[in-house]
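K.L.:
Below is the structure I would like to discuss, written out as structure tokens.
The values are calculated or read from the model by the stated rules, or taken from the named source; none is laboratory data. Quantities reported herein were computed from a predicted structural model and do not represent experimental measurements. For neighbour counting, all protein chains shown are included, and Cβ atoms are generated from backbone atoms with ideal geometry for every residue, glycine included. Ligands, DNA and RNA are stripped out before the accessible areas are found, and what is left, the full protein with its side chains, is counted by its heavy atoms. Shrake-Rupley method; radii C 1.70, N 1.55, O 1.52, S 1.80 Å.
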Amino acid sequence: MTKTVWITGGSRGIGAACVRAFAEAGWQVAFTYRSSEERAAALSAETGALALRADAADEDAMRAAYAALCAQLGAPEALVCNAGIAQQGLFQELTDADWRQMLEVNLMGAVRAVRMALPAMLHQKHGSIVTVSSVWGQHGASCESHYATSKAALIGLTKSLALELGPSGIRVNCVAPGVIDTEMNAMHSEQTLQELAAETPLCRIGTAEEVGDSVLYLCSARASFITGQVLGVTGGF
Ligand code: NAP
């Protein structure tokens, strides 16, 4: 039987690479996104994936998207919590609104998606969840304290859910990408990107496809005894 995956933030970057990786591996794919309508439509046409507009910070929109997903493809047996935003700023310049927005999307967006996908997984006693954290969530990041905090929280969520859901046959893992070539890093100058590449043992920044393949692996039967893990996709960074 064809397996179904729900990927949040699938319209661009790492999420879009996940959409392609799962589709190529024969999964039925649904992805949610916030605003990149044309790119979502093009990716849907390219891969056959179901594209649904839903802001990860909007509970009602997420609920409606999940209902549409289930109606068209059935309940997903895998969930990839990828939707995320980044922002740079000195700690003292970040406002409560900056913190709330960061946590609403990066952390609560994942919490909401898990809450929605979980009942069907519990019923099936089977499922796989992958969160997308960051190397900055493991080590901290100067001038991105709210981003790094949101990503550290995702690791805590992943490890806690792995403990709680393991007895129900549900695996929960995390990928922690290093510096990856997506629009999220467009804020960095070419020189900064070159410096980050030079600090990376593999001497380059990574591709979205390399993260997508790791996410696919963690959701696949090949990772059937892996749960509660944080897989660094960092080139050794
Ligand atoms: P990206 O190129 O900026 O893409 C972000 C994706 O998330 C887009 O599809 C975007 O959709 C979606 N998104 C953003 N806010 C959303 C919201 N409120 N609701 C629903 N979807 C939303 O970023 P990326 O580099 O692919 O990052 C993907 C994930 O990897 C993020 O969680 C990021 O923190 C993490 N990560 C990235 C790197 C890196 O170096 N790039 C490193 C470590 C971790 P729309 O375009 O439709 O708004």
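K.L.:
Working carefully through the options Ala45, Ala65, Ala78, find the one that is open to solvent by less than 10 Å² (accessible area, probe 1.4 Å), more than 15 Å from the ligand (Cβ to nearest atom) and modelled with pLDDT of 95 or more.
P.N.:
One residue alone meets the criteria, Ala78.
K.L.:
Got a number for residues in the stretch 204-237 being touching a residue at least 12 places away in the same chain (Cβ under 8 Å), assigned to a loop (DSSP other than H, G, I, E, B) and either closer than 17 Å to Trp136 by Cβ or open to solvent by 60 Å² or more (accessible area, probe 1.4 Å) (or both)? Spell out how you get there, then give the answer.
P.N.:
Taking the stretch 204-237 as the starting set, the residues that turn out to be touching a residue at least 12 places away in the same chain (Cβ under 8 Å) are 204-216, 218-220, 223-224, 226-237.
If we keep only those that are assigned to a loop (DSSP other than H, G, I, E, B) too, we end up with 204-205, 207, 220, 224, 226-229, 234-237.
Still in the running and either closer than 17 Å to Trp136 by Cβ or open to solvent by 60 Å² or more (accessible area, probe 1.4 Å) (or both): 204-205, 224, 229, 234-237.
Summing the residues that are touching a residue at least 12 places away in the same chain (Cβ under 8 Å), assigned to a loop (DSSP other than H, G, I, E, B) and either closer than 17 Å to Trp136 by Cβ or open to solvent by 60 Å² or more (accessible area, probe 1.4 Å) (or both) in the stretch 204-237 gives 8.
K.L.:
Tell me the residue from Ser133, Ser214, Ser142 that is more than 20 Å from Gly109 (Cα to Cα) and within 13 Å of the ligand (Cβ to nearest atom), please. It would help to see each step written out before you state the result.
P.N.:
Numbers: Ser133 fails: more than 20 Å from Gly109 (Cα to Cα); Ser142 fails: within 13 Å of the ligand (Cβ to nearest atom).
The unique qualifying residue is Ser214.
K.L.:
Checking Ala16 against (1) of a type outside the set (Asp, Glu); (2) under 12 Å from the mean Cα position of the chain (by Cα); (3) closer than 27 Å to Arg222 by Cα; (4) more than 10 Å from the ligand (Cβ to nearest atom), which test does it fail?
P.N.:
Among (1) of a type outside the set (Asp, Glu); (2) under 12 Å from the mean Cα position of the chain (by Cα); (3) closer than 27 Å to Arg222 by Cα; (4) more than 10 Å from the ligand (Cβ to nearest atom), Ala16 violates only (4).
K.L.:
Contact list please: Cβ distance under 9 Å, first residue in the stretch 175-192 and in contact (Cβ under 8 Å) with a residue 12 or more places away in the chain, second residue part of a strand (DSSP E or B) and near the ligand (Cβ under 7 Å from one of its atoms), pairs at least six apart or on different chains.
P.N.:
Final answer for the pair search is Val175/Val132; Ala176/Val132; Pro177/Val132.
K.L.:
For the stretch 89-102, enumerate the residues that are surrounded by 14 or more Cβ atoms within 10 Å (Cβ to Cβ) and assigned to a loop (DSSP other than H, G, I, E, B).
P.N.:
Listed by number, the residues that qualify are Gly89, Leu94.
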